[in-house]
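What follows is one structure encoded as structure tokens, with my remarks underneath.
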Amino acid sequence: MSRTGRFAPSPTGDLHFGSLIAAVASFLQAKSKGGTWLVRIEDVDRPREVPGSAQRILADLQRFGMVSDRPVLYQSQRTAAYEQAITRLLDGGDAYWCGCSRSEMPASGVYPGTCSRGLPAGKSPRSIRLRVPAQPIVFQDEVQGLIRENLEETVGDFVIRRADGLAAYQLAVVVDDAFQQVTEIVRGADLLDSTARQIHLQGCLGLDTPLYAHHPVATGNDQKKLSKRHAADPVATHPPEQALEQALRFLGQPAPEGMCLQNLWRWALDHWQLSRIPRITITL
Ligand code: GLU
């Protein structure tokens with residue numbers, strides 16, 4: 001089967017170096033084997049969206065020569081598919097209505113299952129949660145190795161439809177990765193702790209589990225993850241060949257210096273090896 005990879009940015013700011021790494025890694029993993037690469041704009045969380053950033057992210061990707069092989073999918077257009085999946089999970093008893101508010105969550109962040117046997121008297125339905133299994137989820141991450149997570153201990157039954165009626169990130173990602181027939185998920189290690197939840201959701205929905213590879217997350221010298229919400233350098237301020245060279249070095253695939261953008265891509269496509277991505281977090 002041919003490979004399909006994807007880059008799935010949330011339009012909450014401009015493309016920065018941290019997200020460029022995920023774009024480059026997912027692109028090379030798909031394209032180095034003649035596969036398909038897709039872009040999905042994860043604008044499901046409308047309240048967090050920064051107007052215009054989706055267009056700027058797409059324009060920045062294009063400046064690097066990264067263009068989605070199929071029309072860009074926008075999660076804001078996918079509400080019906082999410083609702084269908086949620087209904088199926090509710091009907092099958094895998095999910096249930098929860099009446100708890102954020103302030104009722106224990107400090108541990110692990111949901112204690114208050115509403116799992118029906119809404120207690122006095123509570124009205126707010127969000128929808130998915131039941132987690134008693135046994136741990138075990139999976140092989142192509143960069144980080146064998147991962148084992150017991151969802152009962154780390155998160156408990158988790159939200160798949162938020163109190164504001166929007167599909168939660170975990171649900172939307174799983175439904176869309178399956179819809180787009182994604183076979184390889186290459187993304188930052190900050191999402192490693194979402195993976196067990198996503199694999200569990202795939203199981204409940206009868207979907208295949210793709211390959212996962214979580215690359216290290218770039219940190220600034222203040223040790224904070226470079227994110228769109230922190231003051232990260234937008235890649236638009238750097239020449240693309242310089243930023244790509246830096247991204248490749250970060251991913252453990254240093255190219256000979258001084259190449260033009262086109263030659264850099266050619267080199268990277270020829271030399272790409274997932275096994276060379278370092279496990280550790282690199283400080284820039
Ligand atoms: N939209 C998520 C983000 O920008 C990435 C989701 C994913 O790659 O699974 O952090």
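The values are calculated or read from the model by the stated rules, or taken from the named source; none is laboratory data. Here the structure is a predicted model, which means the values were calculated and not measured. As a convention, Cβ positions derive from the backbone with ideal geometry for all residues, glycine included, and neighbour counts pool all protein chains shown.
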>> I'd like to verify a number: residues in region 23-42 that are in a loop (DSSP other than H, G, I, E, B), surrounded by fewer than 20 Cβ atoms within 10 Å (Cβ to Cβ) and of a type in the set (D, E, K, R), how many?
In response: 1
> Applying the selection to region 56-93, what residues are within 16 Å of the ligand (Cβ to nearest atom) and without any contact (Cβ under 8 Å) to a residue 24 or more places away in the chain?
Replying inline: L58, Q77
> Which of the residues belonging to region 133-184 are touching a residue at least 60 places away in the same chain (Cβ under 8 Å), touching a Ser or Thr at 6+ places or on another chain (Cβ under 9 Å) and within 23 Å of R279 (Cα to Cα)?
Replying inline: I137, F139, D141, E142, V143, T183, E184
> Can you name the residue in region 9-22 that is within 10 Å of G188 (Cα to Cα) and more than 9 Å from the ligand (Cβ to nearest atom) and is also surrounded by the fewest Cβ atoms within 10 Å (Cβ to Cβ) among such residues?
Replying inline: G18
> Can you tell me which residues in region 66-81 are assigned to a helix (DSSP H, G or I) and touching a Lys or Arg at 6+ places or on another chain (Cβ under 8 Å)?
Replying inline: Q75, S76
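Taking the condition within 27 Å of H16 (Cβ to Cβ) and polar (S, T, N, Q), does S76 pass? First the steps, then the outcome.
Numbers: within 27 Å of H16 (Cβ to Cβ): yes; polar (S, T, N, Q): yes.
Answer is yes for this residue.
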> All but one of (1) assigned to a helix (DSSP H, G or I); (2) surrounded by fewer than 20 Cβ atoms within 10 Å (Cβ to Cβ); (3) of a type in the set (F, W, Y) hold for W97; which doesn't?
Replying inline: (1)
> What number of residues within region 100-143 are small (G, A, S), closer than 20 Å to Q170 by Cβ and outside any loop (DSSP other than H, G, I, E, B)?
Replying inline: 2
> What residue, among those in region 141-193 that are within 16 Å of the ligand (Cβ to nearest atom) and among the basic types (K, R), is farthest from the chain's Cα centre (by Cα)?
Replying inline: R162
> Mind checking whether some residue in region 135-158 is surrounded by fewer than 20 Cβ atoms within 10 Å (Cβ to Cβ), over 30 Å from F7 (Cα atoms) and β-branched (V, I, T)?
Replying inline: no
> Inside region 254-271, can you point out the residues that are surrounded by 13 or more Cβ atoms within 10 Å (Cβ to Cβ) and more than 19 Å from I21 (Cβ to Cβ)?
Replying inline: N263, R266
>> I need a count of the residues in region 204-239 that are modelled with pLDDT of 95 or more and not hydroxyl-bearing (S, T, Y).
In response: 10
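Any residue that is without any contact (Cβ under 8 Å) to a residue 24 or more places away in the chain and at positive phi - is there at least one of those in region 42-55? Spell out how you get there, then give the answer.
First, pick out the residues of region 42-55 that are without any contact (Cβ under 8 Å) to a residue 24 or more places away in the chain: 51-52, 55.
Among the residues that remain, those that are also at positive phi are: 52.
Taking every residue of region 42-55 in turn, at least one turns out to be without any contact (Cβ under 8 Å) to a residue 24 or more places away in the chain and at positive phi.
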> Of everything in region 24-55 that's modelled with pLDDT of 95 or more and near the ligand (Cβ under 10 Å from one of its atoms), which residue is nearest to A243 (Cα to Cα)?
Replying inline: S26
>> Looking at T87 and the list (1) out of contact with any helix residue (DSSP H, G or I) (no Cβ under 7 Å at 6 or more places or on another chain); (2) in a loop (DSSP other than H, G, I, E, B), which single condition is not satisfied?
In response: (2)
>> For a quick check of your reading of the model, give me the residue pairs whose first member lies in region 190-212 and is within 21 Å of S275 (Cα to Cα), whose second is polar (S, T, N, Q) and assigned to a helix (DSSP H, G or I), with beta-carbon atoms closer than 7 Å and at least 6 apart or on different chains.
In response: T209/Q202; Y212/T195
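Quick one: would you say A196 is part of a strand (DSSP E or B), within 16 Å of the ligand (Cβ to nearest atom), modelled with pLDDT of 95 or more and over 23 Å from P11 (Cβ atoms)? It would help to see each step written out before you state the result.
Details: part of a strand (DSSP E or B): no; within 16 Å of the ligand (Cβ to nearest atom): yes; modelled with pLDDT of 95 or more: yes; over 23 Å from P11 (Cβ atoms): yes.
No.
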